[in-house]
Amino acid sequence: MQIPQLKKRLLRLKINGRWREDAIAEDALLVNYLRNVAGLTGVKTGCDGGECGACTILIDGKAVPSCIMLAVRCDGRCIETIEGLATQGRLSRLQRAFHEKLGTQCGFCTPGMVMAAEALLRCNPTPTDAEIRAALSGNLCRCTGYVKIIESVKAATGAVS
Amino acid sequence: MTAVDPIADGSHRRRGVPLIDGIEKVTGSARYTADLDHAGALVGRILRSPVSHGDIERLDVSKARAMEGVFAVITGDDCPHTYGVLPVAMNEYPLARERVRYRGEPIAAVAAIDAGTAERAIELIEFELRPLPAYYSSEEARAPGATLLHDNKPGNIEREVHHDFGDWQLGFANADLVREEKISCAEINHAQIEPHACLVDYNPTTGQLTVQTVSQVGYYLHLMLARCLEMDTSRIRIVKPFIGGGFGARVEVLNFEIITALLARAASGKVLMLLSREETFLTHRARPQTDVKIRVGMRRDGRITACACEVVQRGGAYAGYGIVTILYAGALLQGLYDIPALRYDGYRIYANLPPCGAMRGHGAVDTRHAFECLLDRMSRDLGLDPFAARRANLLHAPTRTLNDLMINSYGLPECLDRVEQASGWRKRIGKLPKGKGLGMACSHYVSGAAKPIHWTGEPHAVVNVRLDFDGGITALTGAADIGQGSSTMVAIVVSETLGVALDRVRVVSADSALTPKDNGAYSSRITFMVGNAAIDAAKTLKNILVDAAARKLEARPDDIEVIGETFRIGRGTQASLSFAEVVKIALVDRGAITVSGTFTCPPEAQGGRHKGGAVGSTMGFSYAAQVVEASVDEATGLVTVEKVWTALDCGCAINPLAVEGQIQGSVWMGMGQALSEETRYFEGLPAHASLLEYRMPTIVESPPIEVHIVESHDPHGPFGAKEASEGALGGFAPALVNAIANAIGIDLDELPVTPDRVMEALIQRRRQARLAKTLKAAT
């Protein structure tokens, strides 16, 4: 039996501030492209598709689960992942808060959780508890009970010390 | 004068510190198994049984093997050895031989050039299975004449336990009130967010096998790989990457780990096995469906006179941890309250479902739920406050329970006081608006099993601490940090014992080529055992450093005062040495230093002499009390948890931030089991095998959880510490069910309290009320 030939397309997109081009199978999921081709393994796979939010990234500033998005649909678009948040060794406000307030335990949901919170804070810098809960409702965590996740997001907004 | 170092005075302990590996986690640079460099690795896939019970009549892999891009195809023929966790109960093959016993059991596996090729090869495997009768409940499996899953286990009973302590018949006779309840709890799953994965590299030239996997106990895997692959243990290396949660799912060796190793050797290379979420659910090993029948005798003042409890666990198709789980369920009825007489009957049943195993609160949770619900109902019958009923039955440390469990510290009274006050219980109970209620319950858990499963005579924990020319201190521990923060705990106790800055200490964890063997991340043993071993090692190193400083300062070691990282002669003299200077002196003639510290549980901690008496034994129990405020919507049956107050006695909070996080996480996990989590099977086919269908609470349903840390300073714990991550879990479900009873006057006997179950209870109450009315009218 022969290995079937995959149909590929040229994909040009901006990831964490840098443009790149890759030949990509038409059916390749964005999460697999980011992890296996672009080497961005901070983007996690926690489920069989669209259930857990661990793969959440930003596409043109909007939080999207990258496991139910085809890579070829991102041509010309601007992608941000957890790896792009810290600049020159300085953690982002959210990253620092999740670290210091223990918004992360095992850490597996953390990249997706932080990116979903990032999208929220960019359009709503002082969210209420209810708005934080709504924005993170697609991101599952099994360790924290979410208490310290909410505290972390609030700490990043300066709402708690 | 040198300023007092913040570590040396223990202030880190008071404040708490972020995880030492937290930066990697928040920046996405933490590498979990699926993230490891797997360049050149083949992809593994598993063929699973489509039937629940059947004999394998034919299995033909020739077409798959002949396929281009396929490097290995293996079946049960490739491994004639069973594996398992208990030496007396290993009845499972990595790949089924002759018979399959649950839907989803691995039959064959493929390693191929890529995922697509591996999946097509799986489809080319031909097999015929002759179906056998299959059983999906304990009742069906135990019925007379049922086909046996395992020929040596009549009645499909894996293990029966019958324990008698004290005169329970007399106890019941002396009671003012005896009440019995039947309570059942659904099977649940760990559902850690990281799906199962492993990367195995077999080097055919050297015969070395390197395994990177999600295991909580690399040591067990090490032993089982040697057994199943017939390899010398010295040729195997187990390395733990970052792990995305465990909760018990990864304590046992899992079939896919052995399968991947078999594939790697058959293919003479590297194989990456990433299980889907569905397969991760199928691998299971979680909390079994449990039926509890419990009877308690009580005097009018709330004092318990006797308890009789029968537990039936539907264990799934293979032994796994089953014997331990059914023993825990009885043993941990003790240790929380003073129960003068106890009868326990436990039955662990085989059924044609994925095997159950250990899950957070192992064995104790469902019986604790039943006990605490019953205690509440009895205190209501007697007109007692639920807190008073608990306070009437407190233990007094130090003591030993009827079943010979050792209790050296007991912070439960303070836990009760704290949550009673914080929740405003006295002012609010019985005064909340309609549909709202308060409930409370207590729970406890072991700080490590005092008797390890593999009894070798070695210490219970060993930690090495290294010091080299660079002044860096490296703690080497086999203990697996799976997100609970155990490596951070080791760093804190080492830095504090030595009096050095926390960031001078790095921790290398769980790599069998580098770190001393550890019994692993289970039964909340790491803080107590590994913490003590780390203190022991750090003390030895400190003595070496003090001796070195004494030589240089021409003083006696006793005269050396160590303040933070400064060594000096005490009282009035100016001569002092920096840490770097002392390290240089200490290394003269001997070079780099490695010291070893150990911890051993003494024999008196290892449980009673009765059969199964080792299970439940521990050096110290954590204690917890909690109050849950809930509301019930009588139109929809929806239960909402408004707030939780929890107090936990962890002896001493070595890292309060992590302790708080562990308590919140365990309470919340108890909430999932209580509210919505449940695995469901349709003729053995899981109907819950995704994170949408397996309903764990989202952030929207998750309430504030207020934590009160109680420190009873255990005489044997490291700095007085005990466990903090399992003790509070078991109290949530009964506190919630008690709160629902308080809110709507209905006692629910099934977990989880899903809207359909609540509605059914409400409808039944309405029916009974109508019936009573009709009867009254008729008479």
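What follows is calculated from the coordinates using simple rules that are stated; it is not laboratory data. Fair warning: this is a prediction, and the values are worked out from it, not measured in the lab. FYI the Cβ positions are ideal-geometry reconstructions off the backbone, even for glycines, and counts take in every protein chain you see.
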> Exactly which GluC sites (Glu not before Pro) in the stretch B:136-197 are in a DSSP loop and have at most 16 other Cβ atoms within 10 Å?
Replying inline: none
>> Please list, ordered by chain and number, the residues whose modelled amide H lies under 5 Å from the amide H of B:Arg179; skip anything fewer than 5 residues away on the same chain.
In response: B:Val296
> Can you give the alpha-carbon Rg of the stretch A:120-161 over 2.2 N^0.38 Å, where N counts its residues?
Replying inline: 1.10
> Which of rounded, prolate, oblate describes the stretch B:516-573, given a ≥ b ≥ c as roots of the alpha-carbon gyration tensor eigenvalues and a/c under 1.5 marking rounded, otherwise prolate only if a/b is larger than b/c?
Replying inline: prolate
>> Relative contact order for chain B: what percent, with Cα pairs under 8 Å and sequence separation of 6 or more?
In response: 16 percent
>> From the Cα trace of the stretch B:55-192, what convex hull volume per residue do you get, rounded to a whole Å³?
In response: 193 Å³
>> Going by Cα centres, the stretch B:727-779 and the stretch B:440-486 are how many Å apart?
In response: 44 Å
> Using 7 Å Cα-to-Cβ label points, what is the B:Glu604/B:Glu750 separation (nm, one decimal)?
Replying inline: 4.9 nm
> Once amide H atoms are placed 1.01 Å from N in the peptide plane, what residues at a sequence separation of 5 or more from B:Thr305, or on another chain, have their amide H within under 5 Å of its amide H?
Replying inline: B:Gly297, B:Met298, B:Arg299
> Which of B:Ile482, B:Ala761, B:Ala461 sits farthest toward the positive end of the charge dipole of the protein assembly as shown, with +1 on the Cβ of Lys and Arg and -1 on the Cβ of Asp and Glu?
Replying inline: B:Ala761
> Where Rh is the Kirkwood radius over the Cα pairs of the stretch A:30-161, the temperature 4 °C and the viscosity 1.567 mPa s, what D in µm²/s does Stokes-Einstein return?
Replying inline: 88 µm²/s
> To the nearest 20 debye, what is the magnitude of the charge dipole of the protein assembly as shown about its Cα centre, counting +1 on the Cβ of each Lys and Arg and -1 on the Cβ of each Asp and Glu?
Replying inline: 1300 debye
>> On a straight-distance basis, which lysines could pair with B:Lys552 in a cross-link, Cα separation under 18 angstrom, same-chain partners fewer than 8 positions away excluded?
In response: B:Lys542, B:Lys584
> Which whole number in µm²/s is D for chain B by Stokes-Einstein, with the Kirkwood Rh taken over Cα pairs at 25 °C and 0.890 mPa s?
Replying inline: 89 µm²/s
> Using the beta-carbon distance between B:Asp559 and A:Cys78 and R0 = 60 Å, what value does 1/(1 + (r/R0)^6) give for FRET efficiency, to the nearest 0.05?
Replying inline: 0.35
>> Students often forget the sequence filter, so: which lysines lie under 21 Å Cα-Cα from A:Lys14 once same-chain residues fewer than 8 apart are removed?
In response: A:Lys44, A:Lys62
> How long are the three semi-axes of the equivalent ellipsoid of the stretch A:93-157, in whole Å, if each is the root of 5 times an eigenvalue of the C-alpha gyration tensor, listed from largest down?
Replying inline: 16, 12, 10
> Considering the dipole of the protein assembly as shown built from charges on the beta carbon (Lys and Arg +1, Asp and Glu -1) around the Cα centre, which of B:Ile569, B:Val632, B:Thr147 is farthest to its positive end?
Replying inline: B:Val632
>> What is the ratio of the Cα radius of gyration of the protein assembly as shown to 2.2 N^0.38 Å, with N the residue count, to two decimals?
In response: 0.95
> Using the beta-carbon distance between B:Arg765 and B:Lys153 and R0 = 51 Å, what value does 1/(1 + (r/R0)^6) give for FRET efficiency, to the nearest 0.05?
Replying inline: 0.75
> Volume per residue, Å³, of the convex hull around the alpha-carbon atoms of the stretch B:391-460?
Replying inline: 152 Å³
> Over what distance in Å are the Cα centres of the stretch B:515-552 and the stretch B:164-213 separated?
Replying inline: 30 Å
> Where does the longest stretch of chain B lie that holds no chymotrypsin sites (Phe, Trp or Tyr not before Pro) found in a DSSP loop with 14 or fewer other Cβ atoms within 10 Å?
Replying inline: B:1-454
>> So the label point goes 7 Å from the Cα of B:Lys434 along Cα→C-beta, right? Which residues of the stretch B:748-775 then have their backbone N under 12 Å from it?
In response: none
> Could you give me the ³J(HN,Hα) list for the stretch B:370-385, computed from phi with Karplus coefficients 6.51, -1.76, 1.60 and θ = phi - 60°, whole Hz, x at Gly and Pro?
Replying inline: 4, 4, 6, 5, 5, 4, 5, 5, 5, 5, 5, 4, 8, x, 9, 6
> Given the rule -39500 (n - 2.57) for each run of at least 4 DSSP H residues, summed and divided by the residues of chain B, what is its mean residue ellipticity at 222 nm, to the nearest 500 deg cm²/dmol?
Replying inline: -8500 deg cm²/dmol
> If R0 is 60 Å, what FRET efficiency do you get for B:Leu170 and A:Ala130 from their C-beta distance, rounded to 0.05?
Replying inline: 0.60
> Residue by residue through the stretch B:527-540, which ³J(HN,Hα) values in whole Hz follow from phi under the Karplus form 6.51 cos²θ - 1.76 cosθ + 1.60 (θ = phi - 60°), with glycine and proline marked x?
Replying inline: 4, 5, 7, 6, x, 5, 5, 5, 5, 4, 5, 5, 5, 4
> When we measure straight from the Cα of B:Lys182, which lysines land under 30 angstrom away, once same-chain ones fewer than 8 places off are left out?
Replying inline: B:Lys153, B:Lys293, B:Lys431, B:Lys434, B:Lys436, B:Lys611, B:Lys643, B:Lys773, B:Lys776
> How large is ³J(HN,Hα), in whole Hz, for each residue of the stretch B:500-506 in order, when computed from phi with the Karplus curve 6.51 cos²θ - 1.76 cosθ + 1.60 and θ = phi - 60°, using x for Gly and Pro?
Replying inline: 9, 4, 4, 7, 7, 9, 10
>> Treating only the Cβ of Lys, Arg, Asp and Glu as charged (+1, +1, -1, -1), what charge dipole size does the stretch B:74-187 show about its Cα centre? Round to the nearest 20 debye.
In response: 160 debye
> Nearest 20 debye, what's the magnitude of the dipole of the stretch A:8-84 about its Cα centre given +1 on Lys and Arg Cβ and -1 on Asp and Glu Cβ?
Replying inline: 240 debye
> When the Cα centres of the stretch B:587-644 and the stretch A:1-62 are compared, how far apart do they sit, in Å?
Replying inline: 41 Å
>> Skipping prolines and chain starts, which residues have an amide H placed within reach, meaning under 5 Å, of the one on A:Ile24, given they are 5 or more residues away or on another chain?
In response: A:Arg9, A:Leu10, A:Leu11
> Can you give the direction-averaged projected area of the convex hull of the alpha-carbon atoms in the stretch B:627-779, in nm²?
Replying inline: 13.2 nm²
> Between B:Glu123 and B:Lys643, how many nm apart are label points set 7 Å from Cα along the C-beta direction?
Replying inline: 5.8 nm
>> Rg and Dmax in Å for the stretch B:316-433, alpha carbons only: what are they?
In response: 17.4, 51
